[in-house]
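Chemist: One structure follows; several queries about it will come next.
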Amino acid sequence: MSTLTRPHVLILLTFLAGSPLIRAQNLRGIAEHEIARRQAAVVEGQAALARGQAAMAAKGFAKAHDEYRAAVTFLPDALTTGHEHDEAVRGFCDSGMKLAEQRIAEGKYGEAEQIVREIVSDRYDPDCRPALELLAHLSEPGYFNKTIGPKFIAKVEDVKKLLSDG
């Protein structure tokens, strides 16, 4: 029996790589990797949902909004995680509304509008009624006194401080 030369080895490896057994093992490895990746994403989504709920309870609306956004990203709208996904979407809407109201109180109308537009995007909740109403009010001339911006509010706070010190 003769020894295998380099070209013979390459031909043999090419044949083996194309064999159904090798392909099945590769597909199994890819599938197992994908299952593990999805399971890890669900765990991360559940953790983000819990952090969002805790931040809402502490009235940390910006943090809650970010955590709910992450939860929606990681939790698929599937049979096993659909309830958690829906809860994350609701939390995103609620925290976004609170955050938008804060921005309005700070005179940051553009930021408030940006937050509300994201809430009603197709990715989150295009039917979030409070967000749709607030978006309409932000677009309505004269509904909010937009001349009161962050600088004006800061000056009012300075005057209040001076009056309380005196």
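Chemist: Every residue in the stretch 93-139 that is buried (at least 21 other Cβ atoms within 10 Å of the Cβ), under 28 Å from Glu157 (Cβ atoms), of a type outside the set (Gly, Ala, Ser) and within 19 Å of the chain's Cα centre (by Cα), please.
Modeler: Met97, Leu99, Ile115, Val116, listed by residue number.
Chemist: Hey, among Asp77, Asp66, which residue is surrounded by fewer than 20 Cβ atoms within 10 Å (Cβ to Cβ) and more than 16 Å from Ile119 (Cβ to Cβ)? If you could, list the steps in order and put the result at the bottom.
Modeler: Numbers: Asp66 fails: more than 16 Å from Ile119 (Cβ to Cβ).
Residue meeting the stated conditions: Asp77.
FYI, it's all coordinate maths here, none of it is from the lab. Computed from a predicted model, the values in this text were never measured in an experiment. Neighbour counts are summed over all protein chains in view; Cβ atoms, including those assigned to glycine, are modelled from backbone coordinates with ideal geometry.
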